[in-house]
Structures are given as structure tokens and as C-alpha cells.
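We did not get these values from a lab; they are worked out from the coordinates using the rules stated. All of these numbers come straight from a predicted model, not from anything done at the bench. Every residue, glycine among them, receives a Cβ derived from its backbone with ideal geometry; neighbour counts consider all protein chains shown.
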Amino acid sequence: LILLRPLSSLFAKENLNRMSEQQLNLYDRLINEPSNDWDIYYWATEAKPTPAEFENDVMAMLREFAKNKKREQRLRQPDLEYLFEPPR
């Protein structure tokens with residue numbers, strides 16, 4: 001949970017404002033349906049295979065984000081002001 005929260009909230013900050021309605025629904029389902037947050041972390045980091053019901057383009061986006069190819073420092077959750085920013 002300690003590692004998942006910064007990952008999921010930073011992913012949300014970077015991606016929610018450009019997701020389609022269908023993708024937003026998939027993201028909502030992904031963060032709310034699994035009973036164990038660690039499962040999402042393991043799927044995103046490819047430590048465990050993603051179950052078929054959660055294998056979709058949003059999960060692929062989260063996996064790509066988790067790779068952190070830019071090697072950004074991701075130690076804390078973003079401030080929530082981004083929720084009120086106009087879409088880019």
C-alpha cells in the first residue's frame with residue numbers, strides 16, 4: 001500500500017484528464033474492485049500476471065507508467081490541486 005498509493009495517484013495525475021469515459025470506468029473498476037491493493041501493485045510491476053478481467057488498455061498504461069523510464073523520483077503522492085486544474 002505504501003508503494004501503490006504514490007504509484008496510483010501519480011498515474012492518475014498524469015493520465016486521468018486525457019482518458020476516455022470508457023477508460024475512466026476501467027480505472028475506477030481497477031482501483032475499487034480488487035480486494036487487495038498489493039495485487040494491483042504486483043500486476044502493475046509485472047511481479048504477478050494480471051487476471052483477464054483487469055487486462056485492458058488502462059492496465060497496460062499503468063504497467064508502462066510503473067516502469068518509470070524517465071527515472072522520476074516518486075516517493076510521495078501529489079497534492080490534490082491537480083484534480084481542479086483544467087484539462088491539458
Rounded, prolate or oblate (a/c below 1.5 giving rounded, otherwise prolate when a/b exceeds b/c) for segment 23-70 by Cα gyration tensor: oblate
Where labels lie 7 Å past Cα in the beta-carbon direction, separation of Tyr42 and Glu55 in nm: 1.7
